[in-house]
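I'd like to ask you about the structure that follows.
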Amino acid sequence: MPAITHRYRSPLLAVLCLCMGLISFGSRGFASSHSIQFLASETEALAARLRLVENASTSICIATYQIRDDNSGGQLIAALLDAAGRGVEVRLLIDAHPNSNNLPKPLMRYLVEHGIGLKERPFDVRTKLELGRPRLHDKLFLVDSAALIIGGRNLEQDYFGLGKRRYIDYDVIVRGAVVCEAEAYFEERWNESQSATPRIVGREELKMRKKQIHAYWNDQSYCDVVPKIEAWLAELKASPLQASDLPCRGSIETREYESSCVEFLRDFPNGSKRAPEAISSRILDEIKSAKQSISISTPYFVAPIYLRRALMDASHRGVKVTLLTNSLASTDQVVVHAGYANVRRNLVRHGIQVYEQRGNDPLHVKLIVIDGHKTIIGSHNLDMLSMKRNSEVGLLVHGVEFANEALTMYRSLLVRSTHLNDERLFLYEKRNASGDEDKLKQYQGLRFVAPLIRRYL
């Protein structure tokens, strides 16, 4: 019998996973069956999370890059508190950088006092220089060691069709062997030295208050704030679903698929981002192995030279390479777009089909489909931060049917984008002048600076 490793939280969990056939003993493939389904619509993405929490009986483990005290995040927080109240172990791991953990200190204190485990990673970045520090960019939503939601969505209303900036995103819900693999990874992140409970008393840093809806709670006594927190949560529990489908969703309907091989891609705490089994290396390997087609959606494309060369080499050997990313109008990171724009023409000249999102809603989908039968979805962007610094996770799903659905959804994004070619690119760049004037000025200045700060983009 294969050894049960220390990665599992308890002997009971390990034995349960083993009996169910949920522990995998190789890093490149699983023998047991998985069910997997896209969560394409914003309403279904939030509803699926709430259903899992409401039905949870033993454990909920969430890792997220961003969470906010808005209506969507608050509805989820209310459900998590109910779960903790009925004895479910609830743990929440959040990135600690400004604009990531957007929960006021009194709300965090309330969560801790009501049985929710709360940690930030990397710890203590709130009060120190954060430039260059690795971020927890993972998005994991694990319930009862049985179900996993993974993809690009953060836990803010912007990712559920509400708010001023509405992100276009996908994630998937999966059941099977990778759930225990993902939970073992969550344990490693939860227990590593960089993760710790945030300071929940004392003055809140100004840089941490900028996106908080209830920032004023930080300036009141905790005793005065508690009734306000409880009234807010009660109101959200009684309200309809705090999500709205974006108009671009169209009529795409997803269904559940079975796959005998689903791999959990991840980074390794205290390990190298360039390690052979790390997620960035696995993505690069899959791109290099492509024989027919590579279809990519990434919000940000400031890729290392070795990744750009891998895509160009694929194009040169006859592989159809398609890249979809944000335009200047849709991007939420002008400096990153400036870095991408400096290499855009070179990509086109090497035969890569480049598309840019139209409109003002940012593309946030992280999706790669290779040769019509391998699909990668998760938190990993094709940029310097994901490739070299940040903690990332994803799934590699083997199967033609699932890949076909991924490609259908991918093509629906291409329909709402602009195809760039060498002849049209100059005119296309000139048309940027008809957009937001302040954004254009910022972009034009940053194009000269971007090469100097590529490692941070």
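Just need a number here: residues in region 286-305 that are free of Cβ contacts under 8 Å to residues at least 40 places away in the same chain and closer than 29 Å to TYR167 by Cα.
So in region 286-305, the residues free of Cβ contacts under 8 Å to residues at least 40 places away in the same chain come out as 288, 305.
Now restrict to residues that are closer than 29 Å to TYR167 by Cα: 305.
Residues in region 286-305 being free of Cβ contacts under 8 Å to residues at least 40 places away in the same chain and closer than 29 Å to TYR167 by Cα: 1 in total.
Still on this structure: State all residues of region 352-386 that are among the small types (Gly, Ala, Ser) and modelled with pLDDT under 95; if no residue qualifies, say none. Show your work before the answer.
Start the filter on region 352-386 by keeping residues that are among the small types (Gly, Ala, Ser), which leaves 359, 372, 378-379, 386.
Scanning region 352-386 gives a single hit, GLY359.
Here's another thing I want to ask about it. Can you spot a residue in region 290-303 that is modelled with pLDDT of 95 or more, more than 17 Å from the chain's Cα centre (by Cα), of a type in the set (S, T, N, Q) and farther than 22 Å from ARG424 by Cα? Walk me through how you get there before you give the answer.
Keep residues of region 290-303 that are modelled with pLDDT of 95 or more, which gives 290-301.
The next check asks that each one be more than 17 Å from the chain's Cα centre (by Cα); those that pass are 290-295.
In the following step, the residues that additionally are of a type in the set (S, T, N, Q) were identified as 292-293, 295.
Cutting the leftovers down to farther than 22 Å from ARG424 by Cα gives us 292-293.
Yes - at least one qualifying residue is present in region 290-303.
Only strands (runs of 3 or more DSSP E) wholly contained in region 248-335 count here; list those with 1 or more residues that are closer than 30 Å to GLU437 by Cβ, in contact with a strand residue (DSSP E or B) (Cβ under 8 Å, 6 or more places away or on another chain) and hydroxyl-bearing (Ser, Thr, Tyr). I'd like the intermediate steps shown before the answer.
Numbers: elements: 257-259, 262-266, 293-297, 320-325.
By residue number, 293-297, 320-325.
I've got another one for you. For residues in region 311-328 being surrounded by 20 or more Cβ atoms within 10 Å (Cβ to Cβ) and of a type in the set (Gly, Ala, Ser), which is modelled with the lowest pLDDT?
Here the residue is SER327.
Could you please give the count of residues in region 89-125 that are among the hydrophobic types (A, V, I, L, M, F, W, C), crowded, with 20+ Cβ neighbours inside 10 Å and either under 21 Å from TYR185 (Cα atoms) or outside the structural domain of LEU236 (by TED's automatic domain parsing) (or both)?
Count: 6.
Shifting gears a bit: Looking only at region 45-77, count every residue that is surrounded by fewer than 21 Cβ atoms within 10 Å (Cβ to Cβ) and of a type in the set (Asp, Glu) and tell me the total.
Number satisfying all stated conditions: 1.
Only one of (1) modelled with pLDDT of 95 or more; (2) closer than 25 Å to ALA96 by Cβ; (3) of a type in the set (D, E, K, R) is not met by GLU204, so which one is it?
So the condition that GLU204 fails would be (1).
Moving on. Within region 67-125, can you find the residues that are assigned to a loop (DSSP other than H, G, I, E, B) and of a type in the set (Ser, Thr, Tyr)? Even if it seems obvious, please write down each step before you answer.
Taking region 67-125 and keeping what is assigned to a loop (DSSP other than H, G, I, E, B), we get 69-70, 86-88, 96-100, 103-104, 114-115, 122-124.
Correct list: SER100 only.
Just to be sure I understand the filter: pairs with C-beta atoms under 7 Å, separated by 6 or more residues or on different chains, first member in region 445-457 and assigned to a helix (DSSP H, G or I), second member surrounded by fewer than 12 Cβ atoms within 10 Å (Cβ to Cβ). Which pairs pass?
TYR456/LEU131; TYR456/GLY132
Now, a different point. Mind listing whichever residues of region 56-93 are farther than 20 Å from VAL226 by Cα and without any contact (Cβ under 8 Å) to a residue 60 or more places away in the chain?
Once the filter is applied, which keeps residues that are farther than 20 Å from VAL226 by Cα and without any contact (Cβ under 8 Å) to a residue 60 or more places away in the chain, region 56-93 yields ARG86, GLY87, VAL88, GLU89, VAL90, LEU92.
This table checks each residue for (1) among the hydroxyl-bearing types (Ser, Thr, Tyr); (2) part of a helix (DSSP H, G or I); (3) modelled with pLDDT under 95; (4) more than 16 Å from SER280 (Cα to Cα).
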{"position": "PHE402", "(1), (2), (3), (4)": "no, yes, no, yes"}
{"position": "GLU405", "(1), (2), (3), (4)": "no, yes, no, yes"}
{"position": "ARG424", "(1), (2), (3), (4)": "no, yes, yes, yes"}
{"position": "LYS430", "(1), (2), (3), (4)": "no, yes, yes, yes"}
{"position": "LYS439", "(1), (2), (3), (4)": "no, yes, yes, yes"}
{"position": "TYR443", "(1), (2), (3), (4)": "yes, yes, yes, yes"}
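Give GLY163, GLY250 a once-over and let me know the one that is surrounded by fewer than 21 Cβ atoms within 10 Å (Cβ to Cβ), over 22 Å from the mean Cα position of the chain (by Cα), at pLDDT below 95 and at positive phi.
Details: GLY163 fails: over 22 Å from the mean Cα position of the chain (by Cα).
Exactly one of GLY163, GLY250 is surrounded by fewer than 21 Cβ atoms within 10 Å (Cβ to Cβ), over 22 Å from the mean Cα position of the chain (by Cα), at pLDDT below 95 and at positive phi, namely GLY250.
On to the next question. Strands (runs of 3 or more DSSP E) wholly in region 138-246 with at least 3 residues that are of a type outside the set (Val, Ile, Thr) and in contact (Cβ under 8 Å) with a residue 60 or more places away in the chain - which ones?
Working: elements: 140-143, 147-151, 171-175.
Here the list reads 140-143.
The values are calculated or read from the model by the stated rules, or taken from the named source; none is laboratory data. Please read these numbers as outputs of a predicted model, since none were measured by experiment. So basically every Cβ, Gly included, is an ideal-geometry build from the backbone, and we count neighbours across all protein chains shown.
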